[in-house]
């Protein structure tokens with residue numbers, strides 16, 4: 001989509017890859033310092049060696065420091081950090097450890113609807129029970145704890161709900177949770193003994209001026225020892241989103257809080273079968289958590305590149321919301337964070353009938369028509385889940401502004417035609 | 001262990017990581033050509049983009065060409081190549097697809113004993129049935145098809161054996177299978193409708209002059225259409241072993257033969273949940289399958305480095321076998337390939353009693369004593385499986401020759417003392 005990599009990140013990873021470059025004067029000293037430090041913590045000073053299954057030591061230390069700083073001093077320990085092959089790998093691994101049982105005691109995993117399909121796929125792979133809680137579209141896709149409670153008690157009738165997944169900022173909704181909402185969720189998790197999985201990969205992608213990212217870990221800590229010593233939490237981050245967008249490196253980490261020692265032992269065993277996460281992805285993760293600091297040679301360029309990407313995304317988030325809401329029959333919540341619009345679309349009855357003829361979900365039919373008529377590919381809401389009778393699609397806001405404007409105009413024109421055709 | 005990376009591989013990956021280096025005159029032209037080609041096949045010309053879940057197109061093409069060349073013209077198609085996160089990921093994924101059933105119809109997966117523990121772990125994770133067939137230690141750890149048959153019919157009494165795993169060259173045995181042996185295995189697989197998994201990650205690590213690597217694919221093809229059109233096979237390779245030793249990159253591929261289209265669809269779906277293998281590992285894999293050719297600038301250095309590593313490993317394989325066999329109470333088969341010695345050790349009865357007191361397997365006790373007395377860490381045979389009443393350990397031959405000599409002398413001295421202490 002034209003977004004360029006952060007120069008400093010690629011410099012550090014290139015230096016680690018081919019250490020002869022450490023003598024090359026065109027690479028900045030701060031990048032070399034980081035590369036040397038990473039290599040010293042790698043077996044044989046090489047990205048080509050297996051690392052410990054949990055990840056390279058110094059990188060886990062840097063992750064812990066990053067979290068402490070982000071969370072204004074809440075303690076984080078490298079022993080609780082697991083480097084992963086992207087966030088997906090961490091989420092699948094911890095779910096595998098948490099899921100068990102048969103019949104009535106099969107593990108229920110609570111996930112938001114709409115959700116990111118990794119969750120439904122992992123739950124299905126593990127033969128666990130997917131327990132849906134619906135986000136409140138009328139209220140900017142907020143998480144309502146009463147809906148959580150409804151879903152939980154309903155699920156208890158046929159399974160054993162033990163895990164509660166939260167995506168914040170939301171994918172595909174773009175919603176950013178308030179501190180108050182997170183407190184309510186944590187309180188509920190303590191009350192019902194739920195293990196929290198906080199998918200926080202979009203933590204750098206906050207666009208609405210009125211929103212702020214709060215990590216579940218930080219809020220948990222602030223609620224006091226009764227909560228912080230008891231609620232079990234795993235949170236996830238990656239190199240794939242944010243301002244980095246380095247998804248190909250498959251870098252990520254998971255932090256665990258209050259994981260029982262027996263569970264930890266099983267987790268370590270499970271992870272060791274897969275040997276280790278890609279070490280170049282671990283190096284990329286290190287740069288994300290340990291970027292250039294004020295006074296360092298690369299600081300200004302780094303900040304310039306980072307801010308440009310994030311400002312650009314914020315502009316596109318606003319633009320997308322604004323343009324979608326000008327279209328009759330499209331309603332789009334504010335894109336507070338993440339990278340997607342998930343507008344609600346009105347699909348006329350005649351189109352719904354047509355979709356049935358094609359044995360397609362109505363929004364799938366809509367998206368196929370859009371693709372065929374305009375070449376624009378968006379994902380139908382039915383792939384993420386949505387309230388019965390509502391229709392949506394997910395679209396990224398990643399294209400460059402000028403392209404995005406054209407694209408939005410084309411979607412608008414298509415939608416108007418679609419409404420007419422099926423009026 | 002002191003083994004240096006292949007310069008050309010790291011140059012190509014560094015160029016892909018930080019394309020500014022494409023203007024740097026100190027990088028060879030052939031490395032730049034390969035980097036440009038890989039980048040052109042990556043979305044946004046970047047290692048940081050997700051690739052297709054099956055892997056970068058041009059790399060799959062290169063893998064197919066490599067296989068065709070290796071197998072003297074046996075056709076290979078990029079559509080049948082799946083790039084993976086190391087070989088382990090490929091093996092786990094295909095096993096996940098193949099395993100099913102409950103009770104009597106639970107899938108049995110046949111694995112060699114001794115085995116590489118990835119297999120037992122994956123089988124256990126998937127709740128499949130591990131069906132052991134024993135390699136013949138008296139016959140250089142050869143695979144005996146009668147033993148396969150015995151294990152298969154025994155297993156049919158309580159499960160549904162459907163998958164047959166072969167590790168060639170063997171880990172931990174170092175055995176290299178003869179063409180005749182492979183033919184017998186394939187014939188058996190056709191007879192019994194078994195899906196073959198051929199773990200061929202050590203295909204470049206052949207040391208005995210009398211041995212040659214035959215791929216299962218090639219032998220299958222040579223057996224004629226009745227076999228080549230019917231036997232289902234998945235084979236695995238990686239960047240981690242061979243002369244490359246780039247395990248940290250988590251690069252690998254899987255080639256499938258005769259995979260049913262319905263199974264292919266499920267496999268693609270499963271792989272897509274994890275998004276894609278690390279793209280830098282894919283780039284490393286590309287260099288392995290598409291190394292410098294005669295006439296190219298980097299060819300001589302590449303061959304020099306490659307040969308030095310492989311000759312050195314061959315020397316250490318011979319040295320290890322020779323020295324172990326000088327020790328009374330240690331018996332070591334020839335290290336025909338791979339990277340390990342798996343000597344049989346005699347453990348006196350008194351030591352076995354002592355081990356029982358410590359609630360340890362006898363060879364575990366032996367290995368712990370070795371570790372405590374000498375600082376040398378080897379893995380007990382019980383971790384890989386062995387015939388009841390026999391004891392072994394696995395040791396890599398990776399340390400530099402001079403260190404390896406000292407190490408072997410220390411093991412020898414320890415073993416003599418151990419025999420005396422427990423006489």
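The values are calculated or read from the model by the stated rules, or taken from the named source; none is laboratory data. Fair warning: this is a prediction, and the values are worked out from it, not measured in the lab. For neighbour counting, all protein chains shown are included, and Cβ atoms are generated from backbone atoms with ideal geometry for every residue, glycine included.
Based on what the data block shows, is residue A:47 over 25 Å from residue A:294 (Cα atoms), out of contact with any strand residue (DSSP E or B) (no Cβ under 9 Å at 6 or more places or on another chain) and either within 9 Å of chain B (Cβ to nearest Cβ) or modelled with pLDDT of 95 or more (or both)? Steps first, answer last, please.
Working: over 25 Å from residue A:294 (Cα atoms): yes; out of contact with any strand residue (DSSP E or B) (no Cβ under 9 Å at 6 or more places or on another chain): yes; either within 9 Å of chain B (Cβ to nearest Cβ) or modelled with pLDDT of 95 or more (or both): yes.
Taking the combined requirement at face value, the residue satisfies it.
Applying the selection to the range A:290-307, what residues are within 16 Å of residue A:10 (Cβ to Cβ), away from chain B (no Cβ under 14 Å) and not in a loop (DSSP other than H, G, I, E, B)? Break it down stepwise before answering.
Step one: list which residues in the range A:290-307 are within 16 Å of residue A:10 (Cβ to Cβ), which gives A:290-292, A:297-298, A:301-302, A:304-306.
Going one step further and asking which of them are away from chain B (no Cβ under 14 Å), we end up with A:290-292, A:297, A:302, A:304, A:306.
Matches in the range A:290-307: A:302, A:304, A:306.
Can you name the residue in the range A:50-59 that is more than 8 Å from chain B (Cβ to nearest Cβ) and outside any helix (DSSP H, G or I) and, of all such residues, is surrounded by the fewest Cβ atoms within 10 Å (Cβ to Cβ)? Talk me through it step by step, then tell me what you get.
First, the residues of the range A:50-59 that are more than 8 Å from chain B (Cβ to nearest Cβ): A:52-59.
Filter once more, so that each one left must be outside any helix (DSSP H, G or I): A:52-56.
Working: A:52: 16, A:53: 18, A:54: 22, A:55: 28, A:56: 27.
Among them, the one singled out is A:52.
Among the residues of the range A:344-363, count how many are within 29 Å of the chain's Cα centre (by Cα), more than 14 Å from residue A:389 (Cβ to Cβ) and in contact (Cβ under 8 Å) with a residue 40 or more places away in the chain.
Of the residues in the range A:344-363, 0 are within 29 Å of the chain's Cα centre (by Cα), more than 14 Å from residue A:389 (Cβ to Cβ) and in contact (Cβ under 8 Å) with a residue 40 or more places away in the chain.
Of the numbered conditions (1) in contact with a strand residue (DSSP E or B) (Cβ under 6 Å, 6 or more places away or on another chain); (2) away from every other protein chain (no Cβ under 11 Å), residue A:238 satisfies every one except a single condition; which is it?
Looking at each condition in turn, residue A:238 falls short on (2).
For the range B:21-31, does any single residue satisfy the condition of being in a helix (DSSP H, G or I), within 14 Å of chain A (Cβ to nearest Cβ) and surrounded by 22 or more Cβ atoms within 10 Å (Cβ to Cβ)?
Let us first name the residues in the range B:21-31 that are in a helix (DSSP H, G or I), namely B:21-23, B:29-31.
Add one more test, that the residue is within 14 Å of chain A (Cβ to nearest Cβ), and what stays is B:21-23, B:31.
Going one step further and asking which of them are surrounded by 22 or more Cβ atoms within 10 Å (Cβ to Cβ), we end up with B:21, B:31.
Yes, the range B:21-31 has at least one match.
Only one of B:390, B:374 is at pLDDT 95 or above, surrounded by fewer than 19 Cβ atoms within 10 Å (Cβ to Cβ) and in contact with a strand residue (DSSP E or B) (Cβ under 8 Å, 6 or more places away or on another chain). Can you tell me which?
Details: B:374 fails: in contact with a strand residue (DSSP E or B) (Cβ under 8 Å, 6 or more places away or on another chain).
Going through B:390, B:374 in turn, the sole match is B:390.
Would you confirm, using the coordinates I've provided, whether residue B:118 is more than 15 Å from residue B:194 (Cα to Cα), surrounded by 17 or more Cβ atoms within 10 Å (Cβ to Cβ) and within 14 Å of chain A (Cβ to nearest Cβ)?
Values: more than 15 Å from residue B:194 (Cα to Cα): yes; surrounded by 17 or more Cβ atoms within 10 Å (Cβ to Cβ): yes; within 14 Å of chain A (Cβ to nearest Cβ): yes.
Criteria met by residue B:118.
Based on what the data block shows, is residue B:133 part of a loop (DSSP other than H, G, I, E, B) and either on the phi < 0 side of the Ramachandran plot or in contact with a helix residue (DSSP H, G or I) (Cβ under 8 Å, 6 or more places away or on another chain) (or both)? Before the answer, list the steps.
Working: part of a loop (DSSP other than H, G, I, E, B): no; either on the phi < 0 side of the Ramachandran plot or in contact with a helix residue (DSSP H, G or I) (Cβ under 8 Å, 6 or more places away or on another chain) (or both): yes.
For residue B:133, the condition - part of a loop (DSSP other than H, G, I, E, B) and either on the phi < 0 side of the Ramachandran plot or in contact with a helix residue (DSSP H, G or I) (Cβ under 8 Å, 6 or more places away or on another chain) (or both) - is not met.
If I filter the range A:260-283 down to residues being buried (at least 21 other Cβ atoms within 10 Å of the Cβ) and more than 9 Å from chain B (Cβ to nearest Cβ), which single residue comes out as modelled with the highest pLDDT?
A:283
Which members of the range A:1-20 meet the condition of being at the interface with another protein chain (Cβ under 9 Å from one of its Cβ atoms) and not in a helix (DSSP H, G or I)?
A:1, A:2, A:3, A:4, A:5, A:18
Restricting the range B:190-205 to residues that are in contact with a strand residue (DSSP E or B) (Cβ under 8 Å, 6 or more places away or on another chain) and in a loop (DSSP other than H, G, I, E, B), which is farthest from the other protein chains (Cβ to nearest Cβ)?
Of everything passing the filter in the range B:190-205, B:193 is farthest from the other protein chains (Cβ to nearest Cβ).
Residues to consider are A:68, A:40; find the one that is free of Cβ contacts under 8 Å to residues at least 40 places away in the same chain, more than 12 Å from chain B (Cβ to nearest Cβ), out of contact with any strand residue (DSSP E or B) (no Cβ under 9 Å at 6 or more places or on another chain) and under 30 Å from residue B:242 (Cα atoms). Please lay out each step first, then the result.
On the way: A:68 fails: under 30 Å from residue B:242 (Cα atoms).
Of A:68, A:40, the one residue that is free of Cβ contacts under 8 Å to residues at least 40 places away in the same chain, more than 12 Å from chain B (Cβ to nearest Cβ), out of contact with any strand residue (DSSP E or B) (no Cβ under 9 Å at 6 or more places or on another chain) and under 30 Å from residue B:242 (Cα atoms) is A:40.
Scanning for something at pLDDT 95 or above, in a loop (DSSP other than H, G, I, E, B) and either within 14 Å of chain B (Cβ to nearest Cβ) or out of contact with any helix residue (DSSP H, G or I) (no Cβ under 8 Å at 6 or more places or on another chain) (or both), does the range A:79-94 turn up at least one residue?
no
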